[in-house]
Structure formats: structure tokens, C-alpha cells
Amino acid sequence: MVARGRITLTFKLTMITEPQTLNLQAEWVKDMKIGCSNHPRKPVLEEVEWIGRNKFDFLDLFLEEDQATPEKIDIEQTKRLLQKYRLDIVGHTAWYLPIGSPVKAFRETAVNEALRYFDVLGKLDAEFVTVHANWPIGLFSTREGIRFQVETLRMLVKEAERFDLKVMYEPTDTARDSVESVSTILESVPGLFLHIDIGHANLFGRKPEEFIVKFHKKLRHVHLHDNLKNLDLHLPIGCGDIDWEKTLKCLKKCYDGTITVEVFSKDRDYALLTKEKLARLWREI
């Protein structure tokens, strides 16, 4: 998710602490790949070019308003660039789709909109697509929010099969996105996988390792960025409070798939710095 509003930040360095010992077994692994997302308000082909030129391993295709909507995706040219730079692809729907709205018509509209995304991703030979958690206003309970989302996610998982896609659920940056809520949703939707956003998992007193340990068997994708435990800031790693040595050591024990550098800055050198730092830490831990 994108942090909204103007924020003044003071970056600080944090000491690396000794990671705890965890006994996990990787049951679904690939070679770890580092990817980058396109900016959805910039021309997609230009974004793919930048990602390819900077030697990322895959494109995390953000399909959302206003330059990355399905009707604006040139399938053949996008495929050409993916092949040119040998980029894999992961799909990502708009984080604001109202899959948890208390209004049933809105949830049905979210499904119909997601199907347009699925069609594009199927044509681009993507295997996985992210759908984000979405919670109703405070008038409705967390239990009700889970029920609304489960109803929608069951439909999305079923419909995604037509496009040879598998749906991943990404918990977002709210207090309701707890281990308990995620566990209930995953258990209630057969065929649903998990996308862990390390930054989101570091908010509201939560710890990323809790999500990794609990859900590693369902984990299929990771977003990576830093924060100060209070806001979804999407900082370069090392500029916040996350203990990256501990977190990545935990992650590497059970996962070796796609990791998206999701650093939001006008200066993209920070994304490249995070890419290089992630690669180095992954080698060393």
C-alpha cells in the first residue's frame, strides 16, 4: 500500500541483534529472485524498460489506475520486453479493491474488476496474483469483515483458475490484519495462498517473524521495505526499525522465492540500494 499524506522522516541506523533460532523446513522453494513494481501512474512499457535495464529478476505488475489499467496494457510489447530482459512476472491488483465492503454490490464489482486484471495476467503467463485485505468501516466488526472478504476471495480463487492463476492474499497496514485474522481467512478459503509484506507485518506491535513462522507453508511472495513501526512508510531497508538480519534469516529458512523491493521514493536509487543490500544480506546470512 501507498502511504498517504506528507511525512517528515528522520532516518537512523539500528544495531543488528542476534537472530533467534527457528526450526523450519522449506516445503516450497525456488531460487530467490528480486523484483520491482511498476509505478501505476507512469507508462507501463517505460517502467518495464527501467526494471529490466537495472537487472531485476522479475516484474511485479501493479495493475491499477491510471496508466496501468487493463485496457492500457500492450500485451505483445510487454511480452517482448519481458523476454528481452528475461524477466519473470507476478501480478498485483489495486490495493483499494473493496473485497471487504459491507455492500454486496461493491464486492461483486470488485470481483468483476479483478477479472479484467486476471485476463491480462493470464495472457502474460503470470502464475500468481495478489489481492489485498480490505476491511469495512468501524461500524462493522472484524468478524464481519472476515466474512465479507472470505465470500469474495472464494469467488476470486475459483475464477482465477480459468486464467491459470493462483490468488495470494496480502494483509495490509491496519490493526485488523493480525495473525489471527489472516489464519481464519486462509483456513476458510481453500486454494488461497499468502503474500507477506514485511513492512505491514511490522506495524501495531506485530513482528514479521510471527507471520513467516505461522504461514510459511502458504507463503508464495514477499514485499520488502522498512518503517518505524508506526506508519506504512515504504522506506529503504536499514532506514527503519526492522531487524533485517533476524527477519531475513527467519525467511530464508522456509522460503526462497520472489521478493519485491517496494521502496517508494522519487529517487529510485533507493530502490536499487535496497536491491543490492538485500542480495548481499541473503548471501551472508
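The values are calculated or read from the model by the stated rules, or taken from the named source; none is laboratory data. All of these numbers come straight from a predicted model, not from anything done at the bench. Cβ coordinates were reconstructed from backbone atoms using ideal geometry, including for glycine residues, and neighbour counts include every protein chain displayed.
Only one of these is loosely packed, with under 15 Cβ neighbours inside 10 Å, under 25 Å from LEU224 (Cβ atoms), in contact with an Asp or Glu (Cβ under 9 Å, 6 or more places away or on another chain) and not aromatic (Phe, Trp, Tyr): ASP125, ASP164. Name it. Residue meeting the stated conditions: ASP125. Test ASP197 against the stated conditions and say whether it is surrounded by 21 or more Cβ atoms within 10 Å (Cβ to Cβ) and either closer than 22 Å to ASP31 by Cβ or of a type in the set (Gly, Ala, Ser) (or both). Spelling it out, ASP197 is indeed surrounded by 21 or more Cβ atoms within 10 Å (Cβ to Cβ) and either closer than 22 Å to ASP31 by Cβ or of a type in the set (Gly, Ala, Ser) (or both).
In region 128-139, of all residues being in contact (Cβ under 8 Å) with a residue 40 or more places away in the chain and either out of contact with any His (no Cβ under 7 Å at 6 or more places or on another chain) or aliphatic (A, V, I, L, M) (or both), the one that is surrounded by the most Cβ atoms within 10 Å (Cβ to Cβ) corresponds to ALA133. Across region 173-193, the number of residues qualifying as under 23 Å from ASP232 (Cα atoms) and surrounded by fewer than 17 Cβ atoms within 10 Å (Cβ to Cβ) comes to 4.
So, ALA110, is that one closer than 22 Å to ARG154 by Cα and either within 18 Å of the chain's Cα centre (by Cα) or hydroxyl-bearing (Ser, Thr, Tyr) (or both) or not?
It is false that ALA110 is closer than 22 Å to ARG154 by Cα and either within 18 Å of the chain's Cα centre (by Cα) or hydroxyl-bearing (Ser, Thr, Tyr) (or both).
Of the residues in region 98-112, not one is farther than 23 Å from GLU47 by Cα and touching a strand residue (DSSP E or B) at 6+ places or on another chain (Cβ under 6 Å). The criterion of at least 1 residues that are charged (D, E, K, R) is met, among strands (runs of 3 or more DSSP E) falling completely within region 170-285, by 193-197, 219-224. Of all residues in region 204-214, one or more are at pLDDT 95 or above, touching a helix residue (DSSP H, G or I) at 6+ places or on another chain (Cβ under 9 Å) and surrounded by fewer than 16 Cβ atoms within 10 Å (Cβ to Cβ).
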